[in-house]
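Here the structure is laid out as structure tokens; the discussion comes afterwards.
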Amino acid sequence: MHQNDTIIALATPSGAGAIAVIRLSGPKSIPMVDACFKSIHAKTLESQNTHTIHLGHLLEGSRVIDEVLVSLFRNPQSYTGEDVVEISCHGSLYIQQEIIQLFIRQGCRSAQPGEFTLRAFLNAKIDLSQAEAVADLIASESQAAHEVAMKQMRGGFSSEIEKLRQKLIDFTALIELELDFSEEDVEFANRTELEKLLIDLQSKLKILADSFAYGNVLKEGVPVAIAGKPNAGKSSLLNALFNEEKAIVSDIAGTTRDAIEDTLVINGIKYRFIDTAGLRETSDKIESIGINRAKEKIANAKILLYLFDRKDSTPEEVIEAVKSLHHDQLTILLVETKIDQYGGFFENDFNTQVMNELRGTYTHALTAISCFEENSIRSLKGQLEWEVNEMKNSSSVVVSNSRHYDAMIRALSAIQSVQQGLNTNLSGDLLALDLKDALLALSEITGAIEVDKDILGTIFGKFCIGK
């Protein structure tokens, strides 16, 4: 890993625009820019204070490349912890490349993806979980995903992990101290207090780990499958949700033969809606493939909208279908469609029989809609929002990163092993091994220990160049 060189990259999106920002970071960034910059006030950059902005011209020899604003950030008061210079120029592709090539000729190196943030991590400006939150913040496509990433970037998650880690460190140190005095048979770590700590740690880690189900769907989008018999109104519902013709609507059964997917943000939460092929027995090979794919999409969904038309189904058919599609990670909402044909929704024996059989284990809600009535579509959207909010647990911090989740599960497993060891009067040296495993797992989340270079490469390789 190069840390003594100076790197350069375009910090704004590639392409022409009103302005572009080019970022340099490293020990030679200020003198390099100073050598090519002519301030309108005849100032040198090297004589200026940090966090100042200067107007002038960027030159190569006597040739003026552009009129620019130069922002100066001296170490350690910068994003990377190094000297950083940001050049705001006009957004011409030609000008951008001229400036970047100018400094590459002076000895700058083109930055790798995520290298500025990597340097911030290596210089202890942020921890590893905060660095990952930067990437999540850039990629956020909804208010909910933005809020989760922002909280993590500001250290909310790191703070929770550090509190747990410090408690483990204190007890591990006492256990290690006992081992140094093993011949004197002394006990520095109170076993009762250790047991209380372990119970507390398990409870807090489980709450954090359980929040991943909620955090991950906010980050990636809530997968919502729309299923039912042919002509139940699935494609009509998809079109009504998006207010445009996403899918072909026809009276001919089996029109939808492959899954149609698109994303929609509703009240700050992103949903990934999947319109699936109608579920029925068929001898048509192509339709059969679509039905099998539909079942795969349903198996991977978090929410299933099971649609039925009362005039084209029996209660027994709906009950059997819902039971066959149910799995523990799936929330099923029953949706009666085409209620405009009945003069609106009202209680009836059909729905009563269905809910009596399915309520509790398989579903807790039945709603009725007409795809031609905006109020009923709005009501269904409200029901979806309620279901997502119900996924949230009591944790004030939400875990949205699968690497963090994996580390917490390993930490939880190690702590449970310590608990079992205490119950069986396991020796201190063996308890210490499990305590260290728990510490290692928690430390991997924030990078409090030296992290494998391959892991860092995987994490920062997902960033855009310039960040």
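Per residue, the average separation of C-alpha pairs within less than 8 Å and at least 6 apart gives the stretch 338-428 a relative contact order of 18 percent.
The simple spin-label model puts a point 7 Å past each Cα toward its Cβ; for residue 104 and residue 139 those points are separated by 2.7 nm. When you filter the GluC sites (Glu not before Pro) in the stretch 74-182 for DSSP loop state and at most 14 other Cβ atoms inside 10 Å of their Cβ, you are left with 141.
For residue 423 and residue 327, what does the FRET efficiency come to when R0 = 35 Å and r is the distance between their Cβ atoms, rounded to the nearest 0.05? For R0 = 35 Å, the calculated efficiency reads 0.55. Just list whichever of 234/323; 229/462; 381/462; 381/467; 204/436; 206/467 have alpha carbons separated by over 30 Å in the model shown. Pairs exceeding the cut-off: 229/462; 381/462; 381/467; 206/467.
Find how much the distance from residue 71 to residue 462 grows on full extension, using 0.36 nm per residue of separation minus their present alpha carbon separation; answer in nm with one decimal. If you can, show how the numbers build up before the last one.
On the way: separation 391, 0.36 × 391 = 140.76 nm, distance 2.68 nm.
Extra length from residue 71 to residue 462 when fully extended: 138.1 nm.
When you filter the trypsin sites (Lys or Arg not before Pro) in the stretch 27-78 for DSSP loop state and at most 13 other Cβ atoms inside 10 Å of their Cβ, nothing is left. Spin-label model, residue 90/residue 320: points 7 Å from Cα along the beta carbon direction are separated by 7.3 nm. Label sites at residue 202 and residue 349, each approximated as a point 7 angstrom past Cα along Cα to Cβ, lie 5.3 nm apart. Sites listed here are GluC sites (Glu not before Pro) in the stretch 297-373 whose DSSP assignment is loop and whose Cβ has at most 14 other Cβ atoms within 10 Å: 347, 373. Ligands, DNA and RNA excluded, the heavy atoms of residue 206 present near 110 Å² of accessible surface to a 1.4 Å solvent probe. Using a cutoff of 8 angstrom between alpha carbon atoms and counting only pairs six or more residues apart, the relative contact order for the chain works out to 17 percent.
Take the chain with all the other protein chains still there, run a 1.4 Å probe, and you get 49 Å² of accessible area per residue. Near residue 336, once Lys and Arg are set to +1 and Asp and Glu to -1 for all other residues with Cβ below 12 Å from its Cβ, the sum equals -1.
Classification of the chain by its C-alpha gyration tensor yields an oblate form. The axis ratio a/c (a ≥ b ≥ c) is 1.5 or more, and b/c is at least a/b. Could you please state how large a percent of the accessible area of the chain is carbon and sulfur, counting protein chains only and using a 1.4 Å probe? Accessible surface attributable to carbon and sulfur in the chain totals 50 percent. Tilt of helix 285-299 relative to the longest C-alpha principal axis of the chain, in degrees (0 to 90, nearest 10)? Taking the Cα atoms of the chain, the angle to 285-299 is about 60 degrees.
The values are calculated or read from the model by the stated rules, or taken from the named source; none is laboratory data. This one's a predicted model, so the numbers in the text were calculated from it and none came from an experiment. As a convention, Cβ positions derive from the backbone with ideal geometry for all residues, glycine included, and neighbour counts pool all protein chains shown. Calculation scope for accessible area: heavy atoms of the full protein, side chains included, ligands and nucleic acids excluded. Shrake-Rupley method; radii C 1.70, N 1.55, O 1.52, S 1.80 Å.
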